[in-house]
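The values are calculated or read from the model by the stated rules, or taken from the named source; none is laboratory data. Computed from a predicted structure; not experimentally measured. No Cβ is skipped: glycine too gets one built from the backbone with ideal geometry, and neighbour counts run over all protein chains shown. Ligands, DNA and RNA are stripped out before the accessible areas are found, and what is left, the full protein with its side chains, is counted by its heavy atoms. Shrake-Rupley method; radii C 1.70, N 1.55, O 1.52, S 1.80 Å.
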Amino acid sequence: MNRVYIKTYGCQMNERDSDAVAAMLRNRGYRIVSDEAECDIMLLNTCSVRDAAEQKAIGKAGHVGKRRRKQPDLVIGILGCMAQNRGAELLDSLPDVDLIVGTQKFHQVPDYLDNIRAARDAGVPLGESIVDIDEEEDSQNTIRDHLETETAQISAFVSIQQGCNMDCHFCIVPKTRGDERSRPMEDIVAECRNLAAKGVREITLLGQIVTSYGRRDYVHTNGVSPFVQLIEKVHEIDGIERIRFTSPHPRGFKQDLVEAYGRLPKLCEYVHLPMQSGSNRILKAMNRPYSRERYREIVDALRTVRPDMYFSTDIIVGFPGESDEDFEQTRQLFEACNYDMAYIFKYSIRSGTVAADLGDQISEEVKEHRNQVLLEILRKNSGARNESLVGTVQEVLVEGPDKKGLHFTGRTRGNRVAIFDADPRLVGHFVPMHVDRATVSSLYGSLVLSGVEN
Ligand code: 5AD
């Protein structure tokens, strides 16, 4: 009765939180299973950033609730952002849910599950569901949900900071993740060292607004921000060969970070830089404190330091009041930045945000049209970039067999998915791959075996 299935919705931070919950549960003697039909405990780690994400998880929870008729002992938990956002109100429509745990209480999940199981084993009726969406006391500098995962990993996400104080008018994250809190630098570095010793070669530093990392806790030294100081420290760790981060804010993307790309070779030439809109009027309405000109300046500065830089972004189409002219500004900047990857979102009303109360909502058809326009540009640009790599040799970090087990997959430094034939002994190693052909999303290639005749 201790088999747990965890389903994760949303961002990389949620993936990492699920990993941490899984690790804690394993330490408590629970078994994490990969087949949901086989579980005794179903945990949904949820996302609130758009309505569709919440509806997906609510639908799933309702569906799982029905399974209780056949499996009365099944325990159902909702964790993370939607739990934080909606709390006990979820029980109105989902009465079968036993556990609701917010984003600052992940570390309590094992205790709560122990209690629920103990009550069931003793035949005691459960009574009320457990709801814990409190803030964690003293969490300003300690985020207690960063337990390291113990599974063999090549590439790891490391949480450096949580929460956000930016107040973008479309965004629910300040409500779901709370105030900005940074972890102490030495804790993060110790975690990265540990991961390196376990075979991790690539680290992605994670936070809602990583460029603000440590701004209350550390000072700039010689014009270098705490975030760049942290990157420097991770850079010194033997065994870690690639460093990435997500997400920065254009406002905090200063010259020290641009220059870091020139002097820190482990910092991969791939930057995810959310633009949101290319219209100054809409950026202002979104409460994003930068202009399209400043955004372009950062992209150009990075390309000057690293001409082979890859870019990715987040865009919202159909923010309230976005006119054809506003969208045209976004379209032009989007095209000019020549992205290799982009996450394009149709604006979704989030209750409790400033933009939810703005008039002038944009119709679904217009949002969909604008979405398609940008997707087409992305397809063209990323396809052309991948095509230009055919015939070159790229360094690939081998991650493992693909889903069908026919080939191996890995990533280039530019975060392109690489597919090739290899040997299990190469997992976790950096190999040179000749790019034979390319699609919009992947590079297909063959390993370069030096000294071996073809
Ligand atoms: N509607 C649509 N997209 C949103 N995002 C955040 N809030 C909303 C919303 N209300 C997008 C932003 C952000 C990404 C994680 O999700 O682009 O960068």
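For the chain, the per residue solvent-accessible surface stands at 44 Å², with DNA, RNA and ligands left out and a 1.4 Å probe. Backbone amide hydrogens, once placed in the peptide plane, bring VAL131 within less than 5 Å of ILE100, excluding anything fewer than 5 places away on its chain. In this simple spin-label model, placing a label point 7 Å from the Cα along the Cα-to-Cβ direction at both ALA52 and SER323 gives a separation of 2.8 nm.
Helical runs assigned H by DSSP (4 residues or longer) give the chain a calculated mean residue ellipticity at 222 nm of -10500 deg cm²/dmol, each run adding -39500 (n - 2.57) before division by the residue total.
Heavy atoms only, probe 1.4 Å: what % of the accessible area of region 3-132 goes to carbon and sulfur, would you let me know?
Numbers: 2490 of 5530 Å².
For region 3-132, the apolar C and S fraction of the accessible surface comes to 45 percent.
Over the Cα atoms of region 139-388, compute the convex hull volume and normalise it per residue, giving Å³. Don't skip to the end; give the middle numbers.
Numbers: hull volume 33.9 nm³, N = 250.
Given the Cα convex hull of region 139-388, per-residue volume reads 135 Å³.
Across region 387-403, coupling constants 3J(HN,Hα) worked out from phi with the 6.51/-1.76/1.60 Karplus curve, θ = phi - 60°, read 4, 5, 8, 4, x, 8, 10, 10, 7, 10, 8, 6, 9, x, x, 6, 4 Hz, and Gly and Pro carry x. 3J(HN,Hα) along region 18-23, derived from phi through the Karplus expression 6.51 cos²θ - 1.76 cosθ + 1.60 where θ = phi - 60°, amounts to 4, 4, 5, 4, 4, 5 Hz, with x in place of Gly and Pro. Across region 71-88, coupling constants 3J(HN,Hα) worked out from phi with the 6.51/-1.76/1.60 Karplus curve, θ = phi - 60°, read 10, x, 7, 4, 9, 10, x, 10, 10, x, 5, 5, 4, 5, 5, 10, x, 5 Hz, and Gly and Pro carry x.
Lacking any other cysteine beta-carbon closer than 4.7 Å, the following Cys residues of the chain have no compatible partner: CYS11, CYS39, CYS47, CYS81, CYS164, CYS192, CYS268, CYS337. Charge dipole of region 3-132 (Cα centre as origin; +1 on each Lys and Arg Cβ, -1 on each Asp and Glu Cβ, all else neutral): 320 debye, rounded to the nearest 20. For the chain, the relative contact order is 10 percent, taking Cα pairs closer than 8 Å that sit 6 or more residues apart in sequence and dividing their mean separation by the residue count.
Convex hull over the alpha-carbon atoms of region 3-132: what's its volume per residue in Å³? If you can, show how the numbers build up before the last one.
On the way: hull volume 12.7 nm³, N = 130.
Output value, Cα hull per residue: 98 Å³.
For PHE157, nonlocal amide neighbours, meaning residues 5 or more places apart or on other chains whose placed amide H falls under 5 Å from its own, are THR204.
Please give the charge dipole size of the chain, origin at the Cα centre, charges +1 on K and R Cβ atoms and -1 on D and E Cβ atoms. Round to the nearest 20 debye. Don't skip to the end; give the middle numbers.
Working: 58 positive and 68 negative charges, 108 e Å.
So the dipole magnitude of the chain works out to roughly 520 debye.
Within the chain, DSSP assigns beta bridges of which about 35% are antiparallel (rounded to the nearest 5).
Under 21 Å of direct C-alpha separation, and excluding same-chain neighbours fewer than eight residues apart, LYS403 reaches these lysines: LYS7. In the chain, the ratio of gyration radius to Kirkwood radius, Rg to Rh, stands at 0.97 when only Cα atoms are counted.
Note on ARG3 and LYS380: the model spin-label points, each 7 Å out from Cα along the C-beta direction, lie 5.1 nm apart.
Hey, got a sec? Which trypsin sites (Lys or Arg not before Pro) in region 10-52 land in a DSSP loop and have at most 16 other Cβ atoms within 10 Å? Listed in order of number, the matching sites are ARG28. Between amide H atoms placed 1.01 Å from N, distances below 5 Å from GLY400 occur with THR409, all of them 5 or more places distant or on a separate chain.
Rounded to two decimal places and with Rh computed the Kirkwood way over Cα pairs, what is Rg over Rh for region 393-447? The partial results should precede the final answer.
Working: Rg = 9.7 Å, Rh = 10.7 Å.
Ratio of gyration radius to Kirkwood radius: 0.91.
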